[in-house]
1. Output the residues belonging to the stretch 144-166 that are in contact with a Ser or Thr (Cβ under 7 Å, 6 or more places away or on another chain) and part of a loop (DSSP other than H, G, I, E, B).
2. Which of (1) aliphatic (A, V, I, L, M); (2) crowded, with 18+ Cβ neighbours inside 10 Å; (3) within 23 Å of S172 (Cβ to Cβ); (4) not assigned by TED's automatic domain parsing to the domain that holds S136 does L89 not meet, given it meets every other one?
3. Collect the residues in the stretch 11-39 that are in contact with a strand residue (DSSP E or B) (Cβ under 8 Å, 6 or more places away or on another chain) and either under 19 Å from R219 (Cα atoms) or among the β-branched types (V, I, T) (or both), keeping them in residue-number order.
4. Residues that are in contact with a strand residue (DSSP E or B) (Cβ under 6 Å, 6 or more places away or on another chain) and farther than 24 Å from F29 by Cβ: does the stretch 130-137 have at least one?
5. Is it true that some residue in the stretch 5-20 is touching a Phe, Trp or Tyr at 6+ places or on another chain (Cβ under 7 Å), surrounded by fewer than 23 Cβ atoms within 10 Å (Cβ to Cβ), closer than 29 Å to A215 by Cβ and among the aliphatic types (A, V, I, L, M)?
6. Could you check how many residues of the stretch 150-202 are out of contact with any Pro (no Cβ under 9 Å at 6 or more places or on another chain), among the basic types (K, R) and free of Cβ contacts under 8 Å to residues at least 60 places away in the same chain?
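The values are calculated or read from the model by the stated rules, or taken from the named source; none is laboratory data. A quick note: this is a predicted structure, and the numbers were derived from the prediction, not measured. Every residue, glycine as well, gets a Cβ built from its backbone with ideal geometry; the counts of neighbours run over all protein chains shown.
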Amino acid sequence: MTISFTNVHKTLRQTTLRTKVLEGADAEFASDRLTGVLAPPGSGKTTLANLMTGRLRADVGRVRRSSLVSFPVAFVGVFNYALTGRENLAFLCRVFGFDPVPIIRFVVDFTEIGKGIDKPVKSLNRDERTKLLFTSSYAIPFETYIVDESLIGGRGSFRTRCEELVRERMQSAGFLILTSSPNLLRKYCKDTFVIDRFKILEMNSVDEAESLLGADRLREGNGELELVGEADENQTVE
């Protein structure tokens with residue numbers, strides 16, 4: 001099972017601004033592996049994630065998915081904040097072909113938000129919303145999880161349990177982690193790619209990737225997000 005890019009060109013267009021992200025990019029990601037994509041801030045990680053999930057389409061070329069690929073972990077854009085958590089999960093389960101009952105039960109138990117599952121998501125506080133978004137991402141049994149910087153979320157004991165859940169999912173599913181942090185990839189990933197000069201290149205190691213891109217262009221991070229912000233449907237670029 002793979003996610004493959006064949007001669008992919010992608011330029012982002014916002015009014016008068018044009019931002020080239022990929023030009024004739026070819027790559028093949030094994031969807032059952034723990035794979036990292038290292039790239040400097042602003043070089044196209046979020047765009048690549050959206051191409052992988054199908055949220056964006058290539059201008060030229062093809063992106064093929066032969067496994068069940070997640071939406072980006074904790075991505076606010078997949079939830080309708082006017083609906084309840086239960087309603088959002090039921091909709092997502094229908095889209096991906098899963099029975100919503102056990103998945104909703106898992107989310108309620110894991111997040112411990114109780115009756116909050118039946119409140120509009122916009123009425124939840126940031127701590128509750130963070131728990132809901134991260135748990136919902138991992139509750140659905142995807143074959144490949146897409147991570148755009150934020151792998152683990154929440155505070156205190158929930159964050160610890162979230163990391164344990166991620167480790168558990170890594171035993172049975174693939175992960176594609178897109179980040180500007182070499183150390184995050186060293187911690188989790190077996191395979192390494194970079195985005196460089198509008199291409200996707202496979203590297204032999206994280207050290208080789210960091211050397212190619214330059215440490216001064218990268219930044220440190222641990223893949224953790226304490227609190228999810230407000231919904232922003234326009235988040236498509238980095």
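1. E149, G154
2. Looking at each condition in turn, L89 falls short on (4).
3. T11, T19, V21, T35, G36, V37, L38, A39
4. yes
5. No, there is no match, as no residue in the stretch 5-20 is touching a Phe, Trp or Tyr at 6+ places or on another chain (Cβ under 7 Å), surrounded by fewer than 23 Cβ atoms within 10 Å (Cβ to Cβ), closer than 29 Å to A215 by Cβ and among the aliphatic types (A, V, I, L, M).
6. Selection size over the stretch 150-202: 5.
This table checks each residue for (1) over 30 Å from E202 (Cβ atoms); (2) at pLDDT 95 or above; (3) surrounded by fewer than 18 Cβ atoms within 10 Å (Cβ to Cβ); (4) touching a His at 6+ places or on another chain (Cβ under 9 Å).
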site	(1), (2), (3), (4)
L124	yes, yes, no, no
K131	yes, yes, no, no
A139	yes, yes, no, no
Y145	no, yes, no, no
D148	no, yes, no, no
F158	yes, yes, no, no
R161	yes, yes, yes, no
R167	no, yes, yes, no
F175	no, yes, no, no
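Rundown of residues vs (1) more than 30 Å from F198 (Cβ to Cβ); (2) under 18 Å from the mean Cα position of the chain (by Cα); (3) small (G, A, S), yes/no style:
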residue	(1), (2), (3)
A74	no, yes, yes
A82	yes, no, yes
L92	yes, yes, no
P100	yes, no, no
P120	yes, no, no
D148	no, yes, no
S157	yes, no, yes
